[in-house]
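The values are calculated or read from the model by the stated rules, or taken from the named source; none is laboratory data. These numbers come from a predicted model, not from an experiment. Neighbour counts run over all protein chains shown; Cβ positions are idealised from the backbone, glycine included.
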Amino acid sequence: MAKQLMKDPLNLIISGVAGQGNVLIAMVIGNALVENGYQVMFGQTFGSNQRGGSVRNYIRISNETKYSPIIPQGHGDIILGMEPIETMRMLKEFGNPNVMTVVNPRAIMSIDSRGGTTEYPDIDKLLADIEKLSSKTWVINATEEAQKMGNPILANVILAGGLIGANILPLEKNSFESLLQERFPKAFEINFKALNRGIELAKS
Amino acid sequence: MKRLLSGNEALAWGAYHAGARVATAYPGTPSTEILETIARFDDIYAEWSTNEKVAMEVALGACYAGVRTIVSMKHVGLNVAADPFMAASITGVNGGLVLICADDPGTHSSQSEQDNRHYARLAKVPVLEPSDSQEAYDMMAIAFDISEQFDTLVMVRTTTRISHSKSVVDLSRSRPAPTGEVGFPRNVSKYVMLPVNARFRHPLVEERMVKLAGFAETSPLNRVESGERNLGVITSGVAYQYAREVFPDASFLKLGITHPLPRELIRRFAGQVDRLVVIEELDPFLEEGIRAMGVEVTGKDFIPLVGELSTDVVGKGAVSAGILTEPPVPPGITAVADLPKRPPLLCPGCPHTGMFFVLASMGQRLKPPDSGDNPAKKSNLIITGDIGCYTLATYPPLNAMDTTACMGASIGQALGMEKAGIDTNIVAVIGDSTFLHSGITPLVDAVYNEGKITVVILDNGTTAMTGHQEHPGTGVSAQGNKATKVELENVVRGVGVSDVRVVDAFNMKELRAAARSALASPELAVIIVRGACAVGVPQRGEPRVVDAGKCNRCDVCLLIGCPAIQTVDDKVYIDTTLCVGDICTICQQVCPQKAITPVTGETE
């Protein structure tokens with residue numbers, strides 16, 4: 001039996017911009033949870049979201065039963081935001097006084113070809129608002145760290161490390177190891193390093 | 001073996017473990033991953049068919065030959081396949097035949113919402129609806145058994161949420177060894193639908209429905225979950241999950257078989273509860289069937305007809321109907337300013353962009369997104385469109401599409417406008433996969449009826465919008481083997497078009513020249529614009545940059561609509577992580593100031 005959750009169901013949202021590896025990392029996290037004995041319902045939005053679109057993954061974790069694939073509004077427990085605007089978008093929809101947020105502060109500009117707001121908000125104010133709306137916030141400079149490690153695509157694994165380091169998911173580092181090995185057989189070492197870097201950053 | 005699988009993956013595993021030997025499909029969100037998953041197994045034949053009608057016909061032939069067969073498609077695909085689908089109903093099957101039909105409530109990526117359960121009523125075939133991935137897996141085996149036992153095609157209806165959500169599946173079965181001989185037992189009265197035989201088959205179809213209704217009464221797929229008697233909920237598919245969350249204490253009749261209805265079971269359930277409601281997505285399919293039985297029931301008076309359901313939507317409806325006193329109030333954060341959206345766009349390096357830029361400039365349609373003006377309204381060029389990534393050219397700054405209806409419609413629509421008497425130039429724009437799917441017959445029509453339109457085939461060498469599936473023009477099969485390549489220019493010339501040009505998608509001069517001469521031509525012209533989809537190109541070239549000294553902010557480059565070209569602090573700037581570089585260079589070619597160069601500053 002998997003260990004008790006701080007809340008059942010525990011609703012995790014992973015959001016970002018298509019092309020950042022959101023779905024891939026959500027899959028690794030989802031599989032790790034299944035291997036740890038949890039019931040997982042994993043809702044994804046894709047379809048016509050090519051590169052550059054907003055992407056969200058809903059992961060509902062339970063000890064008891066399967067929940068529906070869409071998280072009800074205001075019922076997010078943990079938000080893993082790979083981009084500040086996308087993090088704020090999720091806080092608007094799923095926020096509540098207890099929500100905890102792990103956020104990558106690197107902005108990705110957008111073109112809204114259909115009119116409406118096009119200006120990217122002031123990034124410092126946006127991050128301050130994210131902290132204000134979350135009960136706890138971990139700002140993980142994942143893109144910057146990933147670039148230092150030689151490839152910006154590692155940001156998603158660094159952020160997953162952030163979730164583990166923040167100790168808010170019922171997952172240990174070792175439950176990730178074998179899955180990373182399975183997913184990235186050729187690039188395991190660099191991904192494992194990225195995971196550890198994320199854990200360190202969340203703890204510091 | 002327990003695995004985290006999407007509904008589509010689970011359906012594929014279910015079919016595989018049920019012994020399916022042939023699988024056919026045409027890609028379409030949200031159904032595409034069914035065939036993609038099943039094509040990875042070696043001991044099954046899987047094909048991307050040219051279109052859904054062909055997929056259904058190939059499947060029909062395979063099942064006549066005695067093997068278990070699945071055919072999968074999105075909801076609107078069944079519109080295309082409706083003719084052989086109806087035929088499958090009347091002839092029945094030999095080996096089991098299961099149609100997986102994926103509806104798209106909420107119109108996530110379709111031209112319409114439609115509830116395909118109506119098709120099953122029309123064709124008089126049974127419908128199974130799974131509520132999660134485990135049921136999707138389990139139901140496939142049952143669907144094949146029903147198909148063979150009752151001599152009928154079986155429809156398994158999923159929806160976007162079921163197809164694309166992942167949950168844990170216990171893959172409890174394994175693939176059986178092939179049984180029985182493959183062979184077609186000639187049976188004229190069953191397989192040759194001459195009127196005399198069709199007349200004889202129709203009563204058998206009606207009898208089949210009576211027997212199936214009896215089967216539905218006792219099938220474990222239809223189950224009662226007893227709870228409090230003040231509220232009874234009849235539901236199916238993903239709606240079951242939402243309803244369970246909103247009414248945790250109610251009694252449930254969960255229907256896995258939604259056509260034909262288990263009437264006695266429903267009557268008994270209705271008698272056990274004080275208030276009976278139906279919670280279903282899209283049309284009141286179950287509700288009307290139950291009401292027609294004379295049972296008092298409500299549903300669509302508080303559950304929307306339109307769009308996708310969710311726990312929130314069902315909860316709000318329940319409050320309005322007085323079933324719940326208050327929804328679980330979301331704390332809601334309203335004090336946040338509007339955020340910029342990220343609508344889907346043509347990608348950086350998209351091979352469709354150049355031709356659209358040319359057509360839009362010739363039709364004087366280019367306008368920045370924030371201008372609020374729609375120049376396409378008074379353009380001297382009409383552009384009929386089709387279904388694919390390129391439909392995104394509808395939006396500013398390109399404004400380069402005026403119609404989109406269904407697969408292949410662009411060519412017939414253009415011809416119709418011409419024949420109605422429109423005297424401006426008319427261009428039909430269609431992708432390679434869509435052209436092969438259903439653009440050939442309207443092109444034959446335009447040849448035969450002496451149309452003068454211009455047809456642009458955007459050939460990016462893949463089915464891009466659904467995630468890069470192979471098609472007859474790629475020369476590769478669904479299972480990754482080399483296949484005979486159907487050459488578009490041969491097809492076009494072969495049906496009788498003499499004015500055919502093949503141009504490089506990234507050469508602006510060539511594109512302009514081809515468009516000018518085709519539009520000026522007094523006869524039917526076809527331009528094939530060839531260039532690989534940018535998402536499929538593994539190597540990126542040297543990105544382009546803007547020389548701020550030369551740039552005079554004429555902003556022509558911004559009218560391309562490339563997501564890599566942005567303005568930052570009043571300067572035009574190219575995001576080098578997005579720019580694909582050498583393979584594209586459209587911005588460099590259109591810049592009047594020659595201010596766009598490779599990063600190293602060298603221009604040829």
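Tell me the residue from B:Gly214, B:Gly237, B:Gly227, B:Gly256 that is loosely packed, with under 15 Cβ neighbours inside 10 Å and small (Gly, Ala, Ser), please.
Criteria check complete, one pass: B:Gly214.
Kindly provide the set of residues from the stretch B:68-124 that are part of a strand (DSSP E or B) and within 14 Å of chain A (Cβ to nearest Cβ), ordered by number.
Once the filter is applied, which keeps residues that are part of a strand (DSSP E or B) and within 14 Å of chain A (Cβ to nearest Cβ), the stretch B:68-124 yields B:Lys74, B:Ala102, B:Asp103.
Test B:Gly363 against the stated conditions and say whether it is within 30 Å of B:Lys485 (Cβ to Cβ), small (Gly, Ala, Ser) and not assigned by TED's automatic domain parsing to the domain that holds B:Asp555.
Answer is no for this residue.
Only residues that are surrounded by fewer than 16 Cβ atoms within 10 Å (Cβ to Cβ), of a type in the set (S, T, N, Q) and farther than 13 Å from B:Ile426 by Cβ: list them for the stretch B:491-525, please.
Of everything in the stretch B:491-525, those that are surrounded by fewer than 16 Cβ atoms within 10 Å (Cβ to Cβ), of a type in the set (S, T, N, Q) and farther than 13 Å from B:Ile426 by Cβ turn out to be B:Ser498, B:Ser517.
Name the helices (runs of 4 or more DSSP H) wholly inside the stretch B:188-264 in which the number of residues that are over 34 Å from the mean Cα position of the chain (by Cα) is 1 or more.
B:188-191, B:195-218
May I ask you to verify whether A:Ala155 is among the small types (Gly, Ala, Ser) and touching an Asp or Glu at 6+ places or on another chain (Cβ under 8 Å)?
So A:Ala155 fits the description; yes.
Anything in the stretch A:130-146 that is within 14 Å of chain B (Cβ to nearest Cβ) and within 14 Å of the chain's Cα centre (by Cα)? List them, or say none.
A:Thr143
Please specify each residue of the stretch B:359-392 satisfying the condition of being surrounded by fewer than 23 Cβ atoms within 10 Å (Cβ to Cβ) and assigned to a helix (DSSP H, G or I).
Of everything in the stretch B:359-392, those that are surrounded by fewer than 23 Cβ atoms within 10 Å (Cβ to Cβ) and assigned to a helix (DSSP H, G or I) turn out to be B:Ser361, B:Met362, B:Pro369, B:Asp370, B:Ser371, B:Pro375, B:Ala376, B:Lys377, B:Lys378, B:Thr391.
Kindly provide the set of residues from the stretch B:309-323 that are under 30 Å from B:Ser109 (Cα atoms), part of a loop (DSSP other than H, G, I, E, B) and touching a strand residue (DSSP E or B) at 6+ places or on another chain (Cβ under 8 Å), ordered by number.
The one that is under 30 Å from B:Ser109 (Cα atoms), part of a loop (DSSP other than H, G, I, E, B) and touching a strand residue (DSSP E or B) at 6+ places or on another chain (Cβ under 8 Å): B:Leu309.
Could you tell me whether the stretch B:444-460 includes any residue that is of a type in the set (Ser, Thr, Tyr), within 20 Å of the chain's Cα centre (by Cα) and surrounded by fewer than 22 Cβ atoms within 10 Å (Cβ to Cβ)?
Within the stretch B:444-460 (the criterion being of a type in the set (Ser, Thr, Tyr), within 20 Å of the chain's Cα centre (by Cα) and surrounded by fewer than 22 Cβ atoms within 10 Å (Cβ to Cβ)), the answer is no, since none of the residues qualifies.
Give the residues of the stretch B:167-181 that are surrounded by fewer than 16 Cβ atoms within 10 Å (Cβ to Cβ) and not small (Gly, Ala, Ser), sorted by residue number.
Within the stretch B:167-181, B:Asp170, B:Arg175, B:Pro176, B:Pro178, B:Thr179, B:Glu181 meet the criteria.
Inspect the stretch B:149-172 for any residue being closer than 30 Å to B:Thr37 by Cα, part of a helix (DSSP H, G or I), within 14 Å of another protein chain (Cβ to nearest Cβ) and aromatic (Phe, Trp, Tyr) and give the result as yes or no.
The answer is no; no qualifying residue exists.
Are any residues in the stretch B:102-136 small (Gly, Ala, Ser) and touching a helix residue (DSSP H, G or I) at 6+ places or on another chain (Cβ under 7 Å), and if so, which ones?
Listed by number, the residues that qualify are B:Ala102, B:Gly106, B:Ser110, B:Ser112, B:Ala123, B:Ser131, B:Ser133, B:Ala136.
Can you name the number of the only condition in (1) buried (at least 24 other Cβ atoms within 10 Å of the Cβ); (2) within 14 Å of the chain's Cα centre (by Cα); (3) modelled with pLDDT of 95 or more that A:Ile61 fails?
(2)
Looking only at the stretch B:27-61, which residues are more than 23 Å from B:Ser165 (Cβ to Cβ), in contact with a strand residue (DSSP E or B) (Cβ under 9 Å, 6 or more places away or on another chain) and hydroxyl-bearing (Ser, Thr, Tyr)?
B:Tyr45, B:Ser49
Among the residues of the stretch A:91-110, count how many are closer than 19 Å to A:Ala166 by Cα, more than 10 Å from every other protein chain (Cβ to nearest Cβ) and at pLDDT below 95.
0
If you check A:Leu127 against the conditions, is it buried (at least 18 other Cβ atoms within 10 Å of the Cβ), within 9 Å of chain B (Cβ to nearest Cβ) and either at pLDDT 95 or above or more than 30 Å from B:Lys367 (Cβ to Cβ) (or both)?
no
Go through the stretch A:151-204 and tell me which helices (runs of 4 or more DSSP H), entirely inside it, have 1 or more residues that are of a type in the set (D, E, K, R), more than 21 Å from A:Leu10 (Cβ to Cβ) and modelled with pLDDT under 90.
The helices (runs of 4 or more DSSP H) meeting that bar are A:173-183.
Give me the pairs: first residue in the stretch B:549-572 and within 13 Å of another protein chain (Cβ to nearest Cβ), second residue of a type in the set (Gly, Ala, Ser), beta-carbon distance under 7 Å, and six or more apart or on different chains, which are they?
Close Cβ pairs (under 7 Å, with a partner that is of a type in the set (Gly, Ala, Ser)) amount to B:Gly561/A:Ser113; B:Pro563/A:Gly52.
Taking the stretch B:319-345, which residues are surrounded by 13 or more Cβ atoms within 10 Å (Cβ to Cβ), at pLDDT below 90 and more than 8 Å from chain A (Cβ to nearest Cβ)?
B:Pro327
With the checklist (1) modelled with pLDDT under 95; (2) out of contact with any helix residue (DSSP H, G or I) (no Cβ under 6 Å at 6 or more places or on another chain) in hand, flag the one item A:Ile78 doesn't pass.
Of everything listed in (1) modelled with pLDDT under 95; (2) out of contact with any helix residue (DSSP H, G or I) (no Cβ under 6 Å at 6 or more places or on another chain), A:Ile78 misses just condition (1).
I'm trying to understand the selection: among the residues of the stretch B:1-28, which are surrounded by 22 or more Cβ atoms within 10 Å (Cβ to Cβ) and within 14 Å of chain A (Cβ to nearest Cβ)?
Matches in the stretch B:1-28: B:Leu5, B:Ser6, B:Gly7, B:Asn8, B:Glu9, B:Ala10, B:Pro27, B:Gly28.
So, in the stretch A:17-40, exactly how many residues are touching a Ser or Thr at 6+ places or on another chain (Cβ under 8 Å), not aromatic (Phe, Trp, Tyr) and not in a helix (DSSP H, G or I)?
5
More than 33 Å from the chain's Cα centre (by Cα), surrounded by fewer than 21 Cβ atoms within 10 Å (Cβ to Cβ), assigned to a loop (DSSP other than H, G, I, E, B) and away from every other protein chain (no Cβ under 14 Å), is that true of B:Val306?
no
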